[in-house]
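Since every read-out is calculated from the coordinates, none of them should be taken as a lab result. Here the structure is a predicted model, which means the values were calculated and not measured. Note that each Cβ is placed from the backbone with ideal geometry, even for glycine, and that neighbours are counted across all protein chains shown.
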Amino acid sequence: MSSHHVAAPPVAYTHAFRVGLTFEDGKVTISSVQRVAMRAPASAEGLPADGQSGVWVALKAEDGKVLYHRALRTPQLDSVEVFDDEKTGAIRRVPTTRRAAKMDVILPDLPDAAEFELYGPANMRDAKSPSVRLLDEKMQGLRR
């Protein structure tokens with residue numbers, strides 16, 4: 001008896017968005033958008049709970065149903081990583097006075113997605129506080 005691999009159903013999208021985010025003075029802005037021919041990382045299982053802390057993105061359908069969500073790293077506004085020793089590769093954090101942090105996030109260009117939302121703490125220096133919606137953008141704005 002032979003065994004064979006059965007392919008999953010086709011994925012409903014062929015492109016993704018590389019969205020540049022800038023965190024500064026308690027606000028988040030979209031600094032760049034690029035549509036690229038690639039697949040986004042898989043959506044996380046389950047949904048964030050009420051009162052959840054952390055930073056994550058969500059794509060929602062017109063009716064508010066979450067189609068995709070994924071956790072992100074919390075931007076570090078008060079320090080940067082530096083290589084302490086090139087031979088050992090040791091890294092340490094060094095305090096900084098910078099007021100902004102930037103990151104790129106990859107989002108799938110899902111046909112049914114109507115809105116992109118970003119959640120995180122109201123004050124990034126208090127990363128353990130419950131997350132709030134920091135940004136929402138209509139997908140048609142990203143698709144332009």
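In what order do TYR13, TYR68 fall by count of nearby beta-carbon atoms within 10 Å, going from fewest to most? Result, fewest neighbours first: TYR13, TYR68. Binning all Cα-Cα separations of the chain at 5 Å, short to long from zero, yields these whole-percent fractions: 2, 8, 16, 19, 17, 13, 10, 7, 5, 3, 1, 0, 0, 0. Summarising the amide proton neighbourhood of SER53: residues at separation of 5 or more, or on other chains, whose placed amide H is nearer than 5 Å comprise SER131. Radius of gyration over Kirkwood radius for the stretch 77-141, both on Cα atoms: the Rg/Rh ratio is 1.13.
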